[in-house]
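> For reference, the structure I am asking about is given below.
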Amino acid sequence: MADRPLLLFPIPGIADRTKKKPSFGSSGIHYPSHNSQGERLSPLFRELQTAFTQRNVEIQQTTIGIDPEQVIIIETVGSVDMFVKAVQKIRDLEWLGELDVDAITPDGNFYLEGDAEKILNGKLYLLMSNQRAMTELLSLWQQYIANPNMQFQRGLTKFKNVFNYLKDIRRWGINERLIESGVIKYWEENLQIDPNRSVRFEIELWYRSSIGIRNRVQATIGTLINELGGQIISSTCIEGIFYHALLGELPANSIEDIIAHPNCEFVKCDGIMFFRPTGQFSSVVTEGQIIEEIPETDNKPLPSGNPVVALLDGVPMENHSLLSNRIIIDDPDNYSEAYRAIERDHGTAMASLIIHGDLNNSEQPLNRPIYFRPIMKPNSNDFRERRIEEMPNEILGVDLIHRAVKRIFEGENGEEAIAQSIKTINLSIGDRSRLFDQAMSPLGRLLDWLSFKYNVLFIVSAGNHTEDIILDVNNNEFNELTGAELQEAIIRSLFQNSRNRRLLSPAESINSLTIGALHHDTSIFQNFPDIINPFTDTYLPSPVSAYGSGYRRAIKPDLIYFGGRQLYRKPLNGNDNISLSPVPYTRAPGNRTAATDDTGDINKTKFTRGTSNATALITRSSAICYDALHDIFDIQLLNFENNLYIPVLLKSMLVHGCTWSESGDKIREILRAHINDAYQIKSWISRWMGYGLPDISKVLDCNQQRATILGYGELLDGGAHIYQLPLPPSLSSQRVWRRLTITLSWITPIFPNNQKYRGASLWFEANNEFIGVKREDADHNAVRRGTVQHEVFEGIEATPYIDGDNLAIKVNCRADANSFTEPIRYGLAVSLEVKETVDIAIYEEIRARIATEIQIQQLL
């Protein structure tokens, strides 16, 4: 039990939410005239009509012989609210979804008045149309062109706004379906490995609301792929995330023909949204000898009770001395039999970090076992001694994760749920073929949907980028750089190449906590002349850690944590720009973990680095926070075991101690030399480190100068709760540094075919200036775009108030993408602190006033 445990807020007051200020969306944008729109776009509408006619002829000459359908892309500058309802008024015109476009180049027709060079934002509306619907759409356009003042039929008036803002209208074609998805590169790589081997890949279909249409489309694709000598291996359809996909396989010669001649009937099939590589979820193979020494474990207690943490990863060495009797392995697919001892690598390391933390630090193991579900196997086509671990290609990754999580909470095949006590699920892998680019990935949508459905918190890695770092210096210039200059050159290079170092799916998941890596550990290592440590400053994000931001520019990653120092190899002499290569060794530095070798020795350890490690360590912290919550609820005599607010409270607790501190200052200093815009600098910092590095101790215990108070509840659209933070009288009128930290977290329902996607928007309001503090770190707009609002306020202003004054913190809730019926659970964490050298009893004064308020509420 902590000496000064966390406090719980009294029951909050009930209020109506604060009304959102009206948004004027397209204000300030110059749009083309009505005549200009007609001249520009009428030929495009005619092209669409002609394309339907030609497609009808093509299809009638094939074996499938169905009525043609085509996906139409409507691109606008600005957006049109509730356009979906207008689309639904036209028979056979089906709404498929919408996407943000945040990089529209201005031209003579569309530009921002007053800044004609500024990049514009807009929307892509995706519609499925047949010939009949296309004819009606064309009729609406012709009426609009003929008379700009015409009155559209009731329900169709939004089309007039679309036509006013319309920049382009075109078909979804081969370029979107095949070229931009990265599948061709994936096919070429597979053919290089074995030119005679069949290749498997994902066929992601447009999700159709009708089961009959879905079945028809799937049958059509099955016919087409069979004609090419291939087959459908498996299929999956998950209505909750609007996902319908097939796992296909084609012989090498058919793949070669498609690469050479992509304009074939299979690729042109309009039911297909994307051809994609099968999920490239894999671990990083490390090199070098496994270290023999292992910390003493005989006197460390074994766990008991039900697991609250689940780990989905590669098969671990369950009898390793650090893991034995500490993990519950559930392997219904028998993935274990595919592994040799030496290959039980990534899962062993992740389990070790969750249970014991970094072995460099000799921490106590968790007091509960962890649930472990294998989801990876060694690649059967990898002929190295230690094959890479990856998701198997006989099943779609989304389907595998869905089955695994459903088994935990519901069971499968008539069996009961396996581990309903789970509160957090660790996923320390990412799809290296799918970098986040505005649109949510299917796996990102799946985690968001499962989070809300099962009330569970996913903790996922941001992803590692182990590509070389290219510096804008040659060898001679490189040798003249000081450590600080090299650090600046590397950071500048990383930011300049951030487009290629984005989050890996499913790190964009808005309900999950996404973890980046900090370039730090406590190991001692030997310097080698050809190896460099890229950073001289401590507590900077790791060079391998992926960059955000998340969906609709939300803060991602959410935070960074200790991921080990990643060393790089010095380049050989040469005159070209310097290229630094990451060193994948198993020796220090790094986080020390349990390890395996070819003998099956159960007493080995090694050093590793990256966002997977950081994610595992934060998952460990979630289990420790769970125990702290248990103690608090026990003191208050509240029901804990069945408490539905635990996942959202854990989410807030894990983020609550985050600050940018010295790391943010150092990055800001480097960026200032190249960027003048303070807002843009903040955006860049948050893309690399999110809300910053958390001090987990801040939510495990309080001290005399710091009080942390938790609140929780549930809200429907339009509702609000008001919490009263008692202000310590001793702080009144004192000119001392103080910090107010407020963290609000929730888990939202999602609406996959709506561009807003997030079902519920929650936010807090607090008059921080009342106690003399101002906002620090992340931008105040960005913090409201996800499902965590974390704000840090600091100041030294002496502000007077009287004993009995409170700081009101209002938690608001409103529908975002669409209406919802289930209440939204949230967790709130609030801290007020002064420096530990200041003799002000913050904790005791707040605790006494909260206790008094609780007693009053109990009497009422």
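> May I ask you to compute the full-extension gain from A808 to H780, defined as 0.36 nm times their residue separation minus their alpha-carbon distance, rounded to one decimal in nm? Walk me through the numbers on the way to the answer.
Details: separation 28, 0.36 × 28 = 10.08 nm, distance 1.85 nm.
Full extension of this stretch gives 8.2 nm more.
> Over the stretch 335-377, with the other protein chains present, what is the accessible area per residue in square angstrom, probe 1.4 angstrom?
Details: 1140 Å² over 43 residues.
Value returned for the stretch 335-377: 26 Å² of accessible area per residue.
> Within 10 Å, count the other beta carbons around each residue, average over each peptide in 819-825, 310-316, and list them highest first. Walk me through the numbers before you get to the answer.
Numbers: 819-825: 15.4, 310-316: 26.0.
Output ranking for 819-825, 310-316: 310-316, 819-825.
> Still on this structure, please answer the following. Using a Förster distance of 60 Å, how high is the FRET efficiency between E239 and N361, based on the Cβ-Cβ distance and rounded to 0.05?
On the way: r = 46 Å, r/R0 = 0.76.
The computed FRET efficiency comes out at 0.85.
> Could you give the nm distance between label points at N639 and E265, where each point is 7 Å from its Cα heading toward the beta carbon?
6.2 nm
> What is the total of Lys pairs in the stretch 54-204 with C-alpha atoms under 28 Å apart, excluding same-chain pairs fewer than 8 positions apart?
Value for the stretch 54-204: 15.
> I want the local charge near G548. Using Cβ-Cβ distances under 10 Å, sum +1 for each Lys or Arg and -1 for each Asp or Glu among the other residues. Write down the numbers at each step before the final one.
Values: positive: R502, R553, K556, R687; negative: E508, D558.
Taking every Cβ under 10 Å from that of G548, the sum is +2.
> How high is the FRET efficiency between K85 and N306 when r is their beta carbon distance and R₀ equals 45 Å, given to the nearest 0.05?
Once the sixth-power term is evaluated, E becomes 0.45.
> Sorting check: for 332-338, 202-208, 460-466, 662-668, which peptide has the highest mean count of neighbouring beta carbons within 10 Å, and how do the rest follow? Before the final figure, lay out each step's value.
On the way: 332-338: 14.4, 202-208: 21.4, 460-466: 27.7, 662-668: 18.4.
Averaged packing, sorted descending, gives the order 460-466, 202-208, 662-668, 332-338.
> Let me ask something else. Cα centroids of the stretch 176-243 and the stretch 340-368: how far apart, whole angstrom?
The two parts, judged by their Cα centres, are 38 Å apart.
> Count the net charge of all other residues whose Cβ sits under 13 Å from the Cβ of A766, scoring Lys and Arg as +1 and Asp and Glu as -1. Don't skip to the answer; put the middle values down first.
Values: positive: K774, R775, K810; negative: E765, E769, E791.
Net local charge, A766 excluded: 0.
> Here is a follow-up. If you take mean projected area of the Cα convex hull in nm² from the coordinates, which of (i) 47.5; (ii) 39.4; (iii) 36.9 do you get?
Derived directly from the coordinates: (ii).
> A further question on this structure: For a protection proxy built on the mean count of beta-carbon atoms within 10 angstrom, sort 840-853, 364-377 highest first, please.
Numbers: 840-853: 17.7, 364-377: 21.6.
Highest mean packing first, the order is 364-377, 840-853.
> Label-point separation (nm) for S321 and R499, each offset 7 Å from Cα along Cα-to-Cβ?
Spacing of the two 7 Å Cα→Cβ label points: 5.2 nm.
> Within the accessible area of the chain, what % is carbon and sulfur when the probe is 1.4 Å and the other protein chains stay in place? Walk me through the numbers before you get to the answer.
Numbers: 15990 of 35220 Å².
Using a 1.4 Å probe with all protein chains present, the chain comes out at 45 percent carbon and sulfur.
> Let me ask something else about it. What accessible area per residue comes out for the stretch 527-632, rounded to a whole number of Å², with a 1.4 Å probe?
32 Å²
> Among the listed pairs K20/K666; K774/K810; K556/K835; K556/K756, which are separated by more than 25 Å between their Cα atoms? Present the calculation step by step, with values, prior to reporting the outcome.
Values: K20/K666 36 Å; K774/K810 18 Å; K556/K835 30 Å; K556/K756 17 Å.
Result: K20/K666; K556/K835 exceed 25 Å.
> Local charge sum around Y539 (other residues, Cβ-Cβ under 9 Å, Lys/Arg +1, Asp/Glu -1)?
On the way: positive: K666; negative: D537, E662.
Result for the neighbourhood of Y539: -1.
> Provide the gained length on full extension for the span E113 to N767, in nm with one decimal, where the gain is 0.36 nm per separating residue minus the Cα-Cα distance.
Working: separation 654, 0.36 × 654 = 235.44 nm, distance 3.56 nm.
That pair, E113 and N767, stretches by 231.9 nm at full extension.
> So if R0 is 25 Å, what FRET efficiency would N703 and N818 give, r being the distance between their Cβ atoms, rounded to the nearest 0.05? Write out the running numbers ahead of the final one.
Values: r = 44 Å, r/R0 = 1.78.
For N703 and N818, the calculated efficiency is 0.05.
The values are calculated or read from the model by the stated rules, or taken from the named source; none is laboratory data. Given the structure is predicted, the values throughout are model-derived calculations rather than measurements. For neighbour counting, all protein chains shown are included, and Cβ atoms are generated from backbone atoms with ideal geometry for every residue, glycine included. Surface areas here come from the heavy atoms of the whole protein model, side chains and all, with no ligands, DNA or RNA. Shrake-Rupley method; radii C 1.70, N 1.55, O 1.52, S 1.80 Å.
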